[in-house]
There are 2 protein chains.
Amino acid sequence: MKNSDQGEQPNVLYLDDFQIGERYLSNTHTLDEEQILAFATQFDPQPFHLDDNAARATLFGGLAASGWHTAAITMRLIVTGPVRYAGGMIGAGVELNWPTPTRPGDILQAESEIEAITPSRSRPDRGIVMVRTITRNQRGEVLQNMRSKMIVSRRISPS
Amino acid sequence: MKNSDQGEQPNVLYLDDFQIGERYLSNTHTLDEEQILAFATQFDPQPFHLDDNAARATLFGGLAASGWHTAAITMRLIVTGPVRYAGGMIGAGVELNWPTPTRPGDILQAESEIEAITPSRSRPDRGIVMVRTITRNQRGEVLQNMRSKMIVSRRISPS
């Protein structure tokens, strides 16, 4: 598995460079209550994302980050991770779910695995890479499962 | 269709109150370049989300908001919209895609439609509501399609 060390230049991968089953591990991001409240205030102002006391009476049982916050942090971890996709990390579509609430003090890390590689039939300059990304905390609990359909450039072949 | 007027109290809906086919229209959110750059700097620092010139040479053809930014704004529009779900708006899972890039100056509005209502077999106090939410800009272009599996409380029946 490729890990991302600080200071190491990321690899830029074209569609032709990907291999099914290859995995990439991101850096980590430590989440605190201040970040959770800031994101929730702006984008998801619900009691269980804003106030620990109010959250205790809810399904979450205590303050939890918005799922969209977990998703956004995961995107940052991917973008700053060990590989870059040629043309940028552009998702055509995603599926995601959040099996475990993300809590203050959680240290998030994302692991991505290449599941499928499909050259476009109509556009010879690109294709689709299906990627599964699991975001875990420091206890290995799965905070988010994501399956992404990524648009990736192909190498321009000398003709 | 129910619209949300400022000053009007939102309706709190229990699972039993939903009806398939019912639609809800949110308020609007006007997006500017400053917001796009702030979000991208924090969560999705890629050239096409940070720099209009750099974005011109990419698939986006100009500055575009991160898809996660569109998703986060949509969440805000839903949470501040005309209805509240009993127990809060808690998504067990979502699917989303972004057919049109979200641009500076876009005015976002979310329309949600109830697609299915399924009481839980194992948990009599809750159920699942499947909701489709389309986020459009002021020209009616679809910026985001989302299908959400929402966990909704049931009314406690007097026994």
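Taken together, the values in this text are just the output of simple stated rules run on the coordinates, not laboratory data. Keep in mind that this is a model prediction, so the values were computed, not measured. Here the Cβ is made from the backbone with ideal geometry for all residues, glycine too, and neighbour counts use every protein chain on show.
Brief remarks follow.
- Computed over chain A with a Gaussian network model linking Cα atoms closer than 10 Å, the most mobile of A:Q144, A:Q109, A:Q42 is A:Q42.
- Computed over the alpha-carbon atoms, the protein assembly as shown gives an Rg to Rh ratio of 0.98, Rh here being the Kirkwood radius from the mean inverse distance.
- Measuring from each Cβ of chain B to the axis that turns chain B onto chain A, the shortest distance belongs to B:E95, 2 (residue, then whole Å).
- From least to most packed, judged by other beta carbons within 10 angstrom and beginning with the fewest, B:D106, B:D16 follow the order B:D16, B:D106.
- Among A:P101, A:P82, A:P119: highest mean-square fluctuation, GNM of chain A, C-alpha pairs under 10 Å: A:P119
- DSSP finds beta bridges in chain A, and of those with both partners inside it, around 85 percent are antiparallel.
- When the Cα positions of B:Q35, B:P45, B:A71 are compared along the charge dipole of chain B, B:A71 comes out farthest toward the positive end, with charges on each C-beta of Lys, Arg, Asp and Glu.
- Shown for B:F43, B:F60: other C-beta atoms within 10 Å of each C-beta, ranked fewest to most, produce the order B:F60, B:F43.
- For the stretch A:91-134 and the stretch B:87-159, distance of Cα centres in Å: 21
- Exercise: per-residue mean of other protein chain Cβ atoms within 10 Å, B:72-82: 4
- In order along the stretch A:128-142, the phi-based Karplus estimate (6.51 cos²θ - 1.76 cosθ + 1.60, θ = phi - 60°) of 3J(HN,Hα) comes to 10, 10, 8, 10, 9, 10, 10, 9, 10, 9, 5, 9, x, 5, 7 Hz; Gly and Pro are listed as x.
- Taking the label point 7 Å along Cα→Cβ, A:E33 and its counterparts in the other copies are spaced 3.9 nm apart, in ascending order.
- Sequence-distant contacts, meaning Cα pairs under 8 Å at least 6 residues apart, place the relative contact order of chain B at 29 percent.
- For the stretch B:2-153, size of Cβ-based charge dipole, Lys and Arg +1, Asp and Glu -1, in debye: 480
- Other copies of A:R155: label-to-label distances in nm, shortest first, labels 7 Å along the beta-carbon direction: 6.5
- In the assembly of identical copies, A:G21 has its label point, taken 7 Å from Cα in the direction of the beta carbon, separated from the corresponding points by 5.1 nm (ascending, one decimal).
- Computed [θ] at 222 nm, deg cm²/dmol, chain A (DSSP H ≥ 4; -39,500 (n - 2.57); rounded to nearest 500): -5500 deg cm²/dmol
- Phi to ³J(HN,Hα) by Karplus 6.51 cos²θ - 1.76 cosθ + 1.60 over the stretch B:16-26, Hz, x for Gly, Pro: 6, 8, 6, 10, 4, x, 5, 10, 10, 10, 7
- As computed over the stretch A:2-153, the Cα convex hull volume per residue (Å³): 115
- Shown in residue order for the stretch A:30-44 are the 3J(HN,Hα) couplings computed by the Karplus curve 6.51 cos²θ - 1.76 cosθ + 1.60 at θ = phi - 60°: 8, 9, 10, 4, 4, 5, 4, 5, 4, 5, 5, 4, 7, 10, 8 Hz (x for Gly and Pro).
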